[in-house]
Amino acid sequence: MVSLPDKDLVVTPLQHAQALRAARTFTLAFGNDPLMRYLTSNRSVKELFQHGEEAFMTVIMNLWILRRITLTVESGRGILVATPDRATAKAHNYANTVVDWLTTTLFHAVGALGTADERQRRQEVHTKIHDAATTAFGNRLEDMYFLDVLAVEPESKGLGYDDALLSTFASIAKLTHKAIWLHTSNPAHHRFYETHGFRRVARLVIGDQNPNWHEPPVITYILSLQPGQYKPTETL
């Protein structure tokens, strides 16, 4: 537990009892994310709920709690999920093997849903991000933390939850001598991370070759933060 008395916020590990609230926070926070809109063909948050994404994300949150770095402020109203370095992630026992199998199986099942075009979009995004990260970081990629999710429910924006979560995670990375990387397509998030010390290492153009996408291409950036370079500043 990390206490931040200057903001009266406390960052704690995410608990299973908070998974439903965390899933709602994730879905609401990313409902208007440019990359998410591209992947879901601009389906609304209401439509996503109707298709069971909230229930799916609750299951995924419970699995992530077991195998990833998961932090929260205010019982799931602000959440952070990160994938540890490759060596830590590969530390297997029977229980971890089962959890990893379930997580992979669920994502593969969801990946098979949707239209052929949506499946092609998911493959495009995965390939472009993977290739760009590999080019930018090389073998160092296996020794870095990946920031999967930093989300705050809309009603709680501006209260410093995002800054508290990122500050705590950056402290963990500093103590373990790990760099952090992430990708974002949200301009406000991009600015937020850069003001906190992240540096842009790659710029991706997504959707530019898709004839079924009638909006501007989605610009996505890959950012990284070296240990000890975090800068506490403004919030989203």
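Summary of values
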{"read-out": "Identified option (computed P(r) over Cα pairs in 10 Å bins from 0, in percent; candidates [x] 7, 30, 34, 19, 8, 2, 0; [y] 7, 30, 40, 20, 2, 0; [z] 7, 27, 25, 20, 16, 5, 0)", "value": "[y]"}
{"read-out": "Candidates ALA22, ALA132, ALA164, ranked by Gaussian network fluctuation over the chain, Cα under 10 Å, top entry", "value": "ALA132"}
{"read-out": "Phi to ³J(HN,Hα) by Karplus 6.51 cos²θ - 1.76 cosθ + 1.60 over the stretch 173-186, Hz, x for Gly, Pro", "value": "5, 5, 5, 9, 6, 10, 7, 10, 9, 7, 10, 8, 10, 8"}
{"read-out": "Cα-based Lys proximity count in the chain, under 18 Å, for pairs eight or more positions apart or on separate chains", "value": "5"}
{"read-out": "Among PRO154, PRO187, PRO211, residue whose mean-square fluctuation peaks in a GNM of the chain (springs only between Cα atoms under 10 Å)", "value": "PRO211"}
{"read-out": "Neighbourhood charge, 12 Å Cβ-Cβ cut-off, centred on ARG24 and excluding it, Lys, Arg +1 and Asp, Glu -1", "value": "-2"}
{"read-out": "For ALA202, net neighbour charge (Lys/Arg +1, Asp/Glu -1) across residues whose Cβ lies under 10 Å away", "value": "+2"}
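Rule-based calculations on the coordinates, nothing more; no lab input. Just so it is clear, the structure is predicted and the values come from calculations on it, not from any experiment. As a convention, Cβ positions derive from the backbone with ideal geometry for all residues, glycine included, and neighbour counts pool all protein chains shown.
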